[in-house]
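A quick write-up on the structure given underneath.
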Amino acid sequence: MSRADDLYRATCLDILENGFSDEGLEVRPHWPDGTPAHTIKKFGVVNRYNLAEEFPLMTLRRTYWKSAVDELLWIWQRKSNRIAELGSHVWDEWAGEDGTIGKAYGYQLGIKYQFAEGEFDQVDRVLYDLKNNPNSRRIITSLYNFADLHEMNLYPCAYSMTFNVSGNTLNGILNQRSQDMLTANNWNVCQYAVLMHMMAQVSGLKVGELVHVIADCHIYDRHIPMVKEMLKNEGLPAPKFSLDESITDFYAFTKDSFKVENYQYHPFDFEIPMAI
């Protein structure tokens, strides 16, 4: 069984067995039919993935990792908020009349700021510091810009990354305010694992740990039977991940720069309802 499967199973079982239910409380999310979308949750979940040992792609059901990578590049490379520039439809429910998701995600990463060393956006500042100031404890991105929250169609869920170099190894912490375990957990884990590989390679570093910190880690009420059924599956061996080692420019990666081999996964025959 892959390590990603182990962590996913343990997290879901903890939520199901020990979680807090908000049934009967007023909640913002709702189902397409207008019914409130309640959850059972755990607070303060921390999962650690050693990317040097294994790529954290779960096998309990399929993760569409290429679509996940495309969204990652949309945010971190293209710094876009326009859904027409994204290959998948994961943001369709959140698009405004102007075709964007507002001043969220990629928009925030693309804002330029003046530093003593020059003008940088958040991504370029990280790239600069990993090469020039690798011992810094200040290599952080944040999407939670209070001045712009009212102009975001959805407040950022995965809202900050902290990069930290130990010797020649790059480690990172992904902070997430909210996590839908069925639809988004492994999707996000794979995205930021890929980001860690990208950042490490173009900075001349080795990839280390990705630590995933989730404040409100939950399973929606209509997802519970699906999760329970999925957890009956036995995990399969982790696939092999590789990336084009010739690339030294962060902006030269495409979704075809990455390869996953021997990816085995269990079938998942449910249609997942989306809370909005």
J(HN,Hα) series, the range 97-104, from Karplus relation 6.51 cos²θ - 1.76 cosθ + 1.60, nearest Hz, glycine and proline x: 5, 8, x, 10, 9, x, 7, 10
How far is helix 65-76 tilted, in degrees, relative to the longest principal axis of the Cα atoms in the chain, given as a value from 0 to 90 rounded to the nearest 10? 50 degrees
Between the alpha-carbon centers of the range 162-224 and the range 39-106, tell me the distance in whole angstrom. 11 Å
Loop-exposed GluC sites (Glu not before Pro) per DSSP, neighbour cap 12 Cβ within 10 angstrom, longest uninterrupted part of the chain: 118-233
I'd like the accessible area for LEU16, computed on protein heavy atoms only with a 1.4 Å probe and all protein chains in place. Round to 10 Å², please. 40 Å²
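Can you check what the Kirkwood hydrodynamic radius comes to for the chain, Cα pairs only, in Å to one decimal?
On the way: mean 1/r = 0.0511 Å⁻¹.
Computed over Cα pairs of the chain, the Kirkwood hydrodynamic radius comes out at 19.6 Å.
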What value, in deg cm²/dmol to 500, does the helix sum -39500 (n - 2.57) over DSSP H runs of n ≥ 4 give at 222 nm once divided by the residues of the chain? -7500 deg cm²/dmol
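Please compute the contact order of the chain in relative form: average sequence separation of alpha-carbon pairs under 8 Å and at least six residues apart, divided by the residue count, as a percent. Each step should come with its number before you reach the end.
Working: 511 pairs, mean separation 75.9, N = 276.
It rounds to 27 percent for the chain.
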Starting from the amide H of HIS30, placed 1.01 Å from N in the peptide plane, find each other amide H under 5 Å away whose residue is 5 or more places distant or on another chain. ALA37, ILE276
Taking each pair of distinct Cα atoms in the range 100-241 once, what is the resulting Kirkwood hydrodynamic radius in Å? 17.0 Å
Given a cut-off of 16 Å, what percent of all Cα-Cα pairs of the range 80-173 lie beyond it? 60 percent
Model label zone, ASP6; criterion: amide N under 18 Å from point 7 Å along Cα-to-beta-carbon; scope the range 52-93: 52-61
So how far apart, in nm, are the two label points at HIS266 and LYS228 if each is 7 Å from Cα heading toward Cβ? 1.5 nm
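Please list ASP5, ASP148, ASP124, ASP33 from largest to smallest accessible area, probe radius 1.4 Å, with all protein chains kept in place. Provide the component values of the computation, followed by the final result.
Numbers: ASP5 0, ASP148 20, ASP124 45, ASP33 100 Å².
From most exposed to least exposed: ASP33, ASP124, ASP148, ASP5.
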What is the Å³ per residue value for the convex hull set by the Cα atoms of the range 110-155? 89 Å³
Any idea what the dipole of the chain comes to, in debye rounded to 20, about its Cα centre with Lys/Arg Cβ at +1 and Asp/Glu Cβ at -1? 660 debye
Between the residues GLN179, ASN168, THR254, the Cα farthest towards the positive end of the dipole of the chain, that dipole coming from +1 and -1 charges on the beta-carbon of Lys, Arg, Asp and Glu, is from ASN168
Carbon and sulfur atoms account, in whole percent of the 1.4 Å probe accessible area of the chain, for 48 percent
Tell me, what are the semi-axes, in whole angstrom and largest first, of the equivalent ellipsoid of the range 158-264 as set by the roots of 5 times the Cα gyration tensor eigenvalues? 28, 18, 12
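Find, to one decimal place in angstroms, the Kirkwood hydrodynamic radius of the range 1-69, where the mean of 1/r is taken over every pair of different Cα atoms and then inverted. Show your work: numbers first, answer last.
Values: mean 1/r = 0.0686 Å⁻¹.
It is 14.6 Å.
List the equivalent ellipsoid semi-axes of the range 214-276 in whole Å, largest first, each obtained as the square root of 5λ for an eigenvalue λ of the Cα gyration tensor.
Working: eigenvalues 209, 67, 25 Å².
Here the semi-axes work out to 32, 18, 11 Å.
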Considering only protein heavy atoms, what is the solvent-accessible area of ILE83 at a probe of 1.4 Å, reported in Å² to the nearest 10? 40 Å²
Considering only DSSP states other than H, G, I, E and B, which trypsin sites (Lys or Arg not before Pro) in the range 211-276 qualify as loop sites with at most 11 other Cβ atoms within 10 Å? LYS232
Leaving out ligands and nucleic acids, and using a 1.4 Å probe, what accessible area per residue does the chain come to in Å²? 48 Å²
Whole-percent pair-distance distribution, where bins are 10 Å wide, for the alpha carbons of the range 1-119: 11, 23, 34, 26, 5, 0
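The values are calculated or read from the model by the stated rules, or taken from the named source; none is laboratory data. Small disclaimer: the values here were computed from a predicted structure and weren't measured. Quick reminder, even Gly has a Cβ in these numbers, built from the backbone with ideal geometry, and neighbours come from all protein chains shown. The accessibility values were calculated without ligands, DNA or RNA, using every heavy atom of the protein model including side chains. Shrake-Rupley method; radii C 1.70, N 1.55, O 1.52, S 1.80 Å.
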